[in-house]
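The values are calculated or read from the model by the stated rules, or taken from the named source; none is laboratory data. Everything numeric in this text was worked out from a predicted model, so none of it was measured. We place every Cβ from the backbone using ideal geometry, glycine too, and count neighbours over all the protein chains shown. Just the protein is used for accessible areas: all its heavy atoms, side chains included, with ligands, DNA and RNA removed. Shrake-Rupley method; radii C 1.70, N 1.55, O 1.52, S 1.80 Å.
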Amino acid sequence: QVQLVESGGGMVQAGGSLRLSCAASGSIFTINVMGWYRRAPGKQRELVANINSGGRTNYADSVKGRFTISRDNAKNTVYLQMNNLKPEDTAVYYCNANLRTTDWRSNDYWGQGTQVTVSS
């Protein structure tokens, strides 16, 4: 019914930048919150950043000042601009959306994940 398609992951040297994109498609009525989570080797999954329909944002302490999340409501798309990347940012990044479908049901949906690798 709903799927999230991610793009923009890859390999970059420390200090470089990447921009992740996630587009939601399907029987969507409204999207309440979209965001990004990540899982690094040996660590549990953590919230990186999210943004609600009114533009209010939330960031993990480890990425504040370096990452910026934004949203295009007309395209059902969320972006994560990642600057000054560090080796500890290496992880699989997952897009998440809490949305209401056209049959008025609200649920969470997940992308398949995209690898971000930062070399030292």
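The set of residues from the stretch 50-65 being more than 16 Å from GLU88 (Cβ to Cβ) and either open to solvent by less than 50 Å² (accessible area, probe 1.4 Å) or part of a strand (DSSP E or B) (or both) comprises ASN50, ILE51, ASN52, GLY55, THR57, ASN58. Answer yes if at least one residue in the stretch 5-28 is closer than 23 Å to THR101 by Cβ, part of a loop (DSSP other than H, G, I, E, B) and under 13 Å from the mean Cα position of the chain (by Cα), and no otherwise. No, every residue in the stretch 5-28 fails to be closer than 23 Å to THR101 by Cβ, part of a loop (DSSP other than H, G, I, E, B) and under 13 Å from the mean Cα position of the chain (by Cα).
The set of residues in the stretch 29-41 being closer than 18 Å to SER119 by Cβ and either among the aliphatic types (A, V, I, L, M) or part of a strand (DSSP E or B) (or both) consists of ARG38, ALA40. Screening GLY42 against (1) over 15 Å from the mean Cα position of the chain (by Cα); (2) open to solvent by less than 60 Å² (accessible area, probe 1.4 Å) leaves a single unmet condition, (2).
A search for C-beta distances below 6 Å between a residue of the stretch 5-18 that is under 19 Å from VAL92 (Cβ atoms) and any residue that is of a type in the set (D, E, K, R) and part of a strand (DSSP E or B), counting only pairs 6+ apart in sequence or on different chains, returns GLY8/ARG19. Any idea how many residues of the stretch 72-120 are assigned to a strand (DSSP E or B) and open to solvent by 50 Å² or more (accessible area, probe 1.4 Å)? Summing the residues that are assigned to a strand (DSSP E or B) and open to solvent by 50 Å² or more (accessible area, probe 1.4 Å) in the stretch 72-120 gives 9.
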